[in-house]
1. So how much slack lies between ARG856 and LEU786, counting 0.36 nm per residue of separation and subtracting their Cα-Cα distance, in nm?
2. Report, in whole Å, the centroid distance computed from the Cα atoms of segment 702-759 and segment 957-978.
3. Which entries of LYS329/LYS354; LYS109/LYS253; LYS199/LYS255 show an alpha-carbon separation above 25 angstrom in the structure shown?
4. Shape of segment 369-521 from its Cα gyration tensor (a ≥ b ≥ c, root eigenvalues): rounded if a/c is under 1.5, otherwise prolate when a/b > b/c, or oblate?
5. At a Cα cut-off below 21 Å, give the lysines reachable from LYS142, other chains included and same-chain residues fewer than 8 away excluded.
6. For SER910, SER692, write out the residues from largest to smallest accessible area, computed with a 1.4 angstrom probe and no ligands counted.
7. To the nearest 10 square angstrom, what accessible area does MET270 show with a 1.4 Å probe?
8. In nanometres, what is the gap between the two model label sites at ASN435 and ILE799, each 7 Å from Cα along Cα-to-Cβ?
Amino acid sequence: MDSSTPNRMTTRGIVRNYAELGGESSRNNSTEVDNNDGVFRVPTTPFRGRKRKVPLDGLGEGGEIPKRGRPRGGISTRGGRGGARRSGGKLTEDGGLLGAVKHGGDFKKVVEEWINNYEANPDDALTELLQFFLSSSGCRGKLTGDMLLKLEYSEIVRHMTEEFDEESGDYPMVMTGAQWKRFRGNFSQMIMTLVAECKHSIIFNNQMMDSVIQLLTTLADSQVRAFRHTATFAAMTLSSALVDVTLELVENKAKNERQIEAEQAKLKAMGGSGNNDKLDVLIARKTELKEHAQDVSDMLQYIFKSVFVHRYRDCLPDIRSICINELGKWMIVYPEHFLDDSYLKYIGWSLHDKMPEVRFKCLEALLPLYNRQEIVGKLELFSNKFKERLVSMVMDKHLDTAVKACELMSAIYRAFPTLLTKDDCVPIYELVYTNYRPLAVAAGEFLNVKVFPNAAPAGSDPKTSQNKELLLDLIRFFIEGECHEHGAYLVDALIDSNEIVKDWGSYIELLKNDEAAQCDAQIIEIMCCSIKQAATGDHPVGRAMAKRGPQAANSREARQLADERTKISEVFIPQLPLLLQTYIADREKVCNLVVLPLYFQLEMYVAGQLTQHAAELMKALENVVERHPDRDVLAQVAEVINHLSSYSGTAQVTETARIKLVDGVALQVGLQVDRLEKDEVIDEDDEAAMKSAFRKLVGFASHIDTGKKDVFDRCIQVTTWEEGRAPSEVVQLCVQYMCLVLNWDLQRIIHDIEPNRNDALKKLSKRVANFFTCCEQIMMEHVSGLETTYLAMCDALLIFNEHLAERNDNWKGLVFKMDQKLLRRLKTYVVDNVFSQASTQFDQQEQLEMMMKRRRLLANYGKLVIYGVLPIGEAAEIFEQYVKYYQDFGDIMKMIISKCRDAEMLSTASAVGKALQMAYERLRSTSKTPHVDPLSEDFAQLHELARRLSSIFGNDHLRNRESIAKIHRDGIIFALEISGGRASKNPTNVSFLEVIQEFSQKLLRQDKECIRRYLEKHALAMGRIPTESPLWSSYALYKDSLKERNPDDVSSVRSFSTSIASSKAPSVTPTKRGRSSRNRMEE
């Protein structure tokens, strides 16, 4: 397939030089490969939309293009062209080639029928085939034999352009729906089948293929997107089919050469005498194969230079993607010809494409090339030329493209280990911490290739394998990354591809080795993160993948997790007590180690005769409780003890220790409260002991039922003391403990554990009342500790509300009925502490912590509204701040509004209207005039709030009918100050009508008329409004928004309404809100 061979193909009397066609494209292909700038030089012409005419080698006399006629040496067309229109019409129906593509079917059978028609009547069959390509573009025009005989292809395309449906821009390649869903795949399969069935004769007769190629190249150069898109796809698919034909010809030529050599050897063995007819046939076959290969080569070169070279930079991204995708396929299947720098440069240039799908196709085309060792050497020059761009693409804003770039970097490193520098690798290393898991996994694979190429399988002897050294390299990488709080993300990126992450024996060996003492904290963190993910299969926060099908793991995944837990248990059950004793002084290491029993297979304690290690573990946990009276650590210890008690084989060992710990903490709390009650002033040691006792109490109560220890009354006693007598932290811990005890008491009643249920109900009812009384007193009298009290009250209100009585009538006494006083106190606390400007005197970390606390307060208040504890109307203050604090709390407020809307649409509408009225009242209170100025900047923000709140109701106007109507009705009542059925004669809120105007577009046509009559009815009480009054503008705007407008009228409502009054009212100074349209209308 030498592009320099001047072979010619004939087309209707016009001689085309396919091999030398293409101007600049041809010159690019013939450039020396070892000239980097020459091969990969970026085209100087515009990157999109360049138009070129195909040069003609043969011209008529005087330079005129001769009229098209039948091909030289073509088949006779006796029989006329009368059937052309018939076959063209057939394609617009459900039969023929197009019908098979639209509906699917036996493509081979349809193509065989077309071949039979072609052999019987070539002109009619050719017309049918060309009509197939035109109709596949969505064109309704009919191609006739006379048009094909007399007109140039450019004239045919120009005529067919007029037959397009101009009302719609859709065409089969981009249409959606069940009928067109598989059109592209079927269209490609039809072309491939057509070439495959015609590859032995028809494609080499210079009529069918010449006509198809000329039509497709002309269509691909059309300004009509449907023609250009479809023809490019067809031409690229046709080229792929021809490449398959070329490969078959190459194979046949090689086979033919072997046969000729065999026959010549036979002839030589016979002395060279006599005739060998078989040899003559083989030599003739060789000549035929060579001619066929040259014909196909010419076709490929012509299509490439006439279609690909121009369309790979088309303005439509999908056309560019099609070109790059097919070129990648050609390079894979026929690298001997296409895997050349003269073709690779097109992929290299397209790496800079603005559209992510095109960049993705470039990387997708390159990746399999680098994975083939036998051809990767041809990519060395390309890799050096475009290395900088390829490395930068790992940071592509399109995440899937970045993933593919990381995978390509791994393949490039395998092929050319010295190509990538340290600076090239650092951006890829950092991606193991990214939130997008496929990208992190791809970066982890690069890390494996670069740093851990010789890792031994997990379970190898840690004393002989080199995994210890590799694991130390991983720890050093983790330390150098300075992301010590994100070890779980590093583990998640590597756990599926790197065996050393789950080599538990190597972890133990490293922790026992003194040379790793400087990084033992990081070793423990990575080890614990690996154990957690291996045992549970859970990904870190933000890395969770969307699960398809059932949410529960299937049986195979469950077996894998069970096997991992068994391996973990075998290694760590004997070693964990020793590790806890070794690192008991370090809180961070203890926090990581103490939770490991949660991932053990508890049956292993009995099956492996390891119960003595359970006793050792409990002794270690007792030491942890004494050394670290920290609530988080104690809660973890309580969770572990509770987990060990859930299995009978370990419960008999742990139960005694559990009772001892709980009883000891309860006794310590009682002694400390008694001491504080006797002595009003306590020293620092007593205060520290009291705090430690209550921390242990709350930590254990989070996972262990301690309600029967009668500590609840002691906590009530502490919270009722005057502020300052008990430490503030102790009061907060008491409130938390009481809330936890209430929950445990309720759980015992629900599960029918209490021996005397009635007494238990009475006792719990009394405790609930005492709890809320204490909390309300703290909220009213105390200064510190209010956040903890507020959160505890929210949790208790979510449990002991009216929904509890709906489950069981006997539980009505447990329901706490909140009065308006407490409701206002909760709401005021939230508004004052959430919607306030953050102080700038704190550093960034403190400001972040403050923001998290504010978000927690708002989220808990939202829960009370969502779950019906508070009426939806009490969320109006939240809705009022929707725009102002959207950046800080937008996700929470959006969720609250959405859940409220789904629960009760009408109440949500009332709350939205109330929020707008409250915002308007606040705006009017700061105004210097009796009326709110609609041109002010603050009013613009109110307008934006109304617009954003209107969007939450969606586009289902019928479903929202009553809600939107209520907003308008309440808004009119507020604006006109309607009382007793009559509006005020001098209302001051009329400009509020301009706010609710944002909801007019959500009204049905008949509702607009009803609301307009309602408005006019009450506006009569105001008397005649003078046009020069500032009230007129807002009233007219709102009234006009309730009219049915012409869809073609794109002017704003304000400009339309204000123009009515512009002839009588003086002009207004323009502002940012576009009110200057008055002046434009006057002009």
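1. That pair, ARG856 and LEU786, stretches by 23.9 nm at full extension.
2. 48
3. Result: LYS109/LYS253 exceed 25 Å.
4. It comes out prolate by the Cα gyration axes.
5. LYS90, LYS102, LYS150
6. SER910, SER692
7. My reading of the accessible area for MET270 is about 130 Å².
8. 3.3
The values are calculated or read from the model by the stated rules, or taken from the named source; none is laboratory data. Keep in mind that this is a model prediction, so the values were computed, not measured. Cβ atoms come from the backbone with ideal geometry, glycine included; neighbour counts cover every protein chain shown. For the accessible areas, the whole protein counts, side chains as well, though only heavy atoms, and no ligand, DNA or RNA atoms are used. Shrake-Rupley method; radii C 1.70, N 1.55, O 1.52, S 1.80 Å.
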